[in-house]
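Asker: A single structure is presented below for examination.
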Amino acid sequence: MKLTPAQAALFRECIALTVEAHGGDTITELCTGSPRRELENITKEVGHVPENASGTCTFTLRQLHSIYASITHAVVALPSEEAFHIRIGFYRENAIALANSMKSAVHDCMRSDP
């Protein structure tokens, strides 16, 4: 998956919020499909995206699910657009668009798989 620096930052912030909100490993895994350590690995992978250029990250379907779940958690967990923007650093509509494009990309990959 090719990510812009902004997309990578949005991933990191949404994952961080999810980990903070859920505390323990059991609830984090229930809500994202991955334990905290896996979310930390995703954050490290996303951290390799340069600040001034796009970068390529490779994720499993499980990891993509965890990212998607973290984004959607952030969208519903923060009570207002202002709170979302202050905590995440992006607008809610950007997060929703990114989650939707992830879903479309996976769908397209599945259609092209024999």
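No value in this document is a laboratory result; all are computed from the given coordinates. Remember, predicted model here, so these are calculated numbers, not experimental data. Quick reminder, even Gly has a Cβ in these numbers, built from the backbone with ideal geometry, and neighbours come from all protein chains shown.
Asker: Assigning unit charges at the beta carbon (Lys, Arg +1; Asp, Glu -1) and nothing else, what dipole magnitude in debye, to the nearest 20, does the chain show about its Cα centre? Mind showing how you got there, number by number?
Answerer: On the way: 10 positive and 13 negative charges, 36 e Å.
So the magnitude is around 180 debye.
Asker: Separate question: With the contact rule set at Cα under 8 Å and sequence spacing of 6 or more, what percent relative contact order holds for segment 1-102? Walk me through the numbers on the way to the answer.
Answerer: Working: 116 pairs, mean separation 36.4, N = 102.
That works out to 36 percent.
Asker: For a quick check of your reading of the filter: which chymotrypsin sites (Phe, Trp or Tyr not before Pro) in segment 33-114 sit in a DSSP loop and have no more than 14 other Cβ atoms within 10 Å?
Answerer: Answer by residue number: Tyr91.
Asker: Find the Cα radius of gyration of the chain, compare it with 2.2 N^0.38 Å by division, and give the number to two decimals.
Answerer: The chain yields a ratio of 1.02.
Asker: Which helices, taking whole DSSP H runs in the chain, have alpha carbons extending 18 angstrom or more along the helix axis plus mean Kyte-Doolittle at least 0.0?
Answerer: Numbers: long enough: 5-22 (26 Å, 0.56); 61-77 (23 Å, 0.73); 92-112 (30 Å, -0.31).
The answer, listed by residue number, is 5-22, 61-77.
Asker: Please identify every one of the GluC sites (Glu not before Pro) in segment 19-75 that sits in a loop by DSSP and has no more than 10 other beta carbons within 10 Å of its own beta carbon.
Answerer: Glu51
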